[in-house]
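Asks: Sharing a structure below in structure tokens format, with a few things to ask.
Read-outs throughout are calculated quantities, based only on the coordinates presented, and are distinct from any laboratory measurement. All values derive from a computational prediction rather than experimental measurement. Neighbour counts run over all protein chains shown; Cβ positions are idealised from the backbone, glycine included.
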DNA sequence: GTCTATAGGCAGATAGAC
DNA sequence: GTCTATCTGCCTATAGAC
């Protein structure tokens, strides 16, 4: 029965990922996966004991990859050269798992499964604190979070766009965000309305 | 029976928003909303004819606010001063509707309702093309998308953090991203591995 | 490996009493 | 306005034939 693909199992994973991204993990249904493949729900349950195993199987390798990267990463995260290298390798990983980045960035329901959400949360926290450095205070934390927005948003919001040619531009952008100075406070004045000089 | 709040209707909206953000629109259930308020599903359906009306009622004023802002916005989006003003007013709106920004940023299932998703998509497209300017090509488009990541990610990923003191820092960051130059291509060379000079 | 059939649960939504 | 009771439908998951 093999028409040309490796395995039914792989096809299930492929379709499941597509549907999870399009509708969200909880909203997408096993029946829908099965229908698209011209098989029945029961056939899917032969390959995966539960719906959650689809999610875990899809997401596992990506999260492993990130963990690996974070372990290897230079712990000198707050020196400019170290930060740049860190951002570069991270962006590489994100690009290689772009569809999963879309899933985890836009679907709360997949993050609400502790084995997934906890890992993502921990990884993000580690990465952000490496970028923020040990003594940056709140401002550095905000900058780190914002800098990751530079890397991730284009991956998620420009799905058709091949970003290979723009990687170093994005890295430069993230680096710029990490270096933005915090203007001195002016207590008593309206704090969030900035004057256009 | 009024303990101190205005109305049951408002309480329903309040709880619904909280649950939609926490679990995603489709995953959250009317029963859950009702339970939290100590009433029944039927009571909720007295105030709102369908589940979707909860979403639309919550999201409407925010989207109206954005539409209004975009209409008022100076069409000189690609001059630095105009861009800055645009980003400032946009960030203001996002901060005022921060919880809804969280919902729409992290829950695909709410965006899959056309009256919501279409508006959000259109607004984002308009804003991004204003920021990108008429003649920037793909690079400017990518920069615009990335710049919005600077504004939005901290709102969504630092929910506890009051960002009032960091607004101008975020604006500066977004402006910096919009100004990052695109390095000349070097065809034939590995395109996405950037050398650390 | 894939099927049919079905169990069991919970969702959104409605009818009608109070 | 809120209730109880109920309808209908889809979901995850399982049992057992082929």
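Asks: For segment A:1-55, how many residues are within 11 Å of DNA strand C (Cβ to nearest atom), part of a helix (DSSP H, G or I) and either in contact (Cβ under 8 Å) with a residue 12 or more places away in the chain or within 14 Å of chain B (Cβ to nearest Cβ) (or both)?
Replies: Residues meeting the conditions: 10.
Asks: Is it the case that some residue within segment A:57-74 is within 14 Å of DNA strand D (Cβ to nearest atom), farther than 30 Å from residue A:141 by Cα and in contact with a strand residue (DSSP E or B) (Cβ under 9 Å, 6 or more places away or on another chain)? Spell out the reasoning first.
Replies: Here is the first cut: in segment A:57-74, the residues within 14 Å of DNA strand D (Cβ to nearest atom) are A:57.
Right, trim to farther than 30 Å from residue A:141 by Cα and you get A:57.
Subset that is in contact with a strand residue (DSSP E or B) (Cβ under 9 Å, 6 or more places away or on another chain): none.
Scanning segment A:57-74, I find no residue that is within 14 Å of DNA strand D (Cβ to nearest atom), farther than 30 Å from residue A:141 by Cα and in contact with a strand residue (DSSP E or B) (Cβ under 9 Å, 6 or more places away or on another chain), so the answer is no.
Asks: Of the conditions (1) buried (at least 19 other Cβ atoms within 10 Å of the Cβ); (2) free of Cβ contacts under 8 Å to residues at least 12 places away in the same chain, residue B:128 clears all except one; give me its number.
Replies: (2)
Asks: While we're on this one: If you take the residues of segment B:8-35 that are within 12 Å of DNA strand D (Cβ to nearest atom) and within 22 Å of residue A:26 (Cα to Cα), which of them is nearest to the chain's Cα centre (by Cα)?
Replies: Among residues in segment B:8-35 that are within 12 Å of DNA strand D (Cβ to nearest atom) and within 22 Å of residue A:26 (Cα to Cα), the one nearest to the chain's Cα centre (by Cα) is B:26.
Asks: Any chance segment B:117-131 includes a residue that's more than 21 Å from residue B:53 (Cβ to Cβ) and at the interface with chain A (Cβ under 9 Å from one of its Cβ atoms)?
Replies: Looking through segment B:117-131, at least one residue is more than 21 Å from residue B:53 (Cβ to Cβ) and at the interface with chain A (Cβ under 9 Å from one of its Cβ atoms).
Asks: Can you tell me which residues in segment B:73-83 are part of a helix (DSSP H, G or I) and either surrounded by 13 or more Cβ atoms within 10 Å (Cβ to Cβ) or within 16 Å of DNA strand C (Cβ to nearest atom) (or both)? Let's see the steps before the verdict.
Replies: First, the residues of segment B:73-83 that are part of a helix (DSSP H, G or I): B:80-83.
Those that are part of a helix (DSSP H, G or I) and either surrounded by 13 or more Cβ atoms within 10 Å (Cβ to Cβ) or within 16 Å of DNA strand C (Cβ to nearest atom) (or both): B:82, B:83.
Asks: Looking only at segment A:59-72, decide whether some residue is outside any helix (DSSP H, G or I) and on the phi < 0 side of the Ramachandran plot.
Replies: Narrowing segment A:59-72 to residues outside any helix (DSSP H, G or I): none.
No, there is no match, as no residue in segment A:59-72 is outside any helix (DSSP H, G or I) and on the phi < 0 side of the Ramachandran plot.
Asks: Among the candidates B:155, B:148, which residue alone is under 21 Å from residue A:91 (Cβ atoms), at the interface with chain A (Cβ under 10 Å from one of its Cβ atoms) and within 14 Å of the chain's Cα centre (by Cα)?
Replies: One residue alone meets the criteria, B:148.
Asks: Select from segment B:158-187 the residues that are at the interface with chain A (Cβ under 8 Å from one of its Cβ atoms) and closer than 24 Å to residue A:111 by Cα and write down the one among them that is surrounded by the most Cβ atoms within 10 Å (Cβ to Cβ).
Replies: Among residues in segment B:158-187 that are at the interface with chain A (Cβ under 8 Å from one of its Cβ atoms) and closer than 24 Å to residue A:111 by Cα, the one surrounded by the most Cβ atoms within 10 Å (Cβ to Cβ) is B:158.
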